[in-house]
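Heads up: the structure comes next, in structure tokens.
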Amino acid sequence: MVLSDYLLQEIGVYGTKCYPKEFGGILIGEYTEDFKTLNIRDTILPKKYKGESYSFERSITGLVEHLKKIYQLKPSQYYVGEWHTHPDGSTHYSNTDLNSMIEIADCKTVNIQNPVLLILSVNKSKVNDLSLYVYDNKKLLKYE
Ligand SMILES: [Zn+2]
């Protein structure tokens, strides 16, 4: 799995800017031809969102259109997962996080079996830590 420093930096800026509220977005990427490596290329931020200190619920409104456009331009790049912040928290996923990944994997429109979840622990000035998880069969496995 490849996640560029540039993209991480961008995500970090968005995440710390919204501190102390949670914030997040979706991840766009592509697999190599042999499907062994996932390159995470970009993030899309929700246009409408409800950020609370301990919950983050994004709205799919607007995202579907955006995803269609990306797909038309670059058919190999598509939705690969999610990221969100845990302000002053750990990078462990919550039950809510796991349940939302189960919903995503079950969603026929999204059509992805192994979405990724990136969790960033942030404070008001920087990203303290981050963890990347890969969903597989109702479990989130930490990617080292
Ligand atoms: Zn969370």
- request: Answer yes or no as to whether Asp129 is in a helix (DSSP H, G or I) and among the acidic types (Asp, Glu).
  value: no
statement: Expected single match for buried (at least 16 other Cβ atoms within 10 Å of the Cβ), assigned to a helix (DSSP H, G or I) and either hydroxyl-bearing (Ser, Thr, Tyr) or modelled with pLDDT under 80 (or both) among Leu67, Leu7 is Leu67
message: With the requirement that a residue be surrounded by fewer than 17 Cβ atoms within 10 Å (Cβ to Cβ) and of a type in the set (Lys, Arg), what does region 22-43 give you?
response: Lys36
- request: Please determine, by comparing only the residues of region 66-109 that are of a type in the set (Val, Ile, Thr) and more than 10 Å from the ligand (Cβ to nearest atom), which one is farthest from Ile28 (Cα to Cα).
  value: Ile102
query: If you check Asp97 against the conditions, is it more than 26 Å from Thr32 (Cβ to Cβ), part of a strand (DSSP E or B), of a type outside the set (Val, Ile, Thr) and open to solvent by less than 90 Å² (accessible area, probe 1.4 Å)?
result: no
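The values are calculated or read from the model by the stated rules, or taken from the named source; none is laboratory data. None of the values given here were measured: they were computed from a predicted structure. All Cβ positions, even for glycine, are placed from backbone atoms using ideal geometry, and neighbour counts span all protein chains on display. Note: accessible area is taken over every heavy atom of the protein model, side chains too, but ligands, DNA and RNA are not part of it. Shrake-Rupley method; radii C 1.70, N 1.55, O 1.52, S 1.80 Å.
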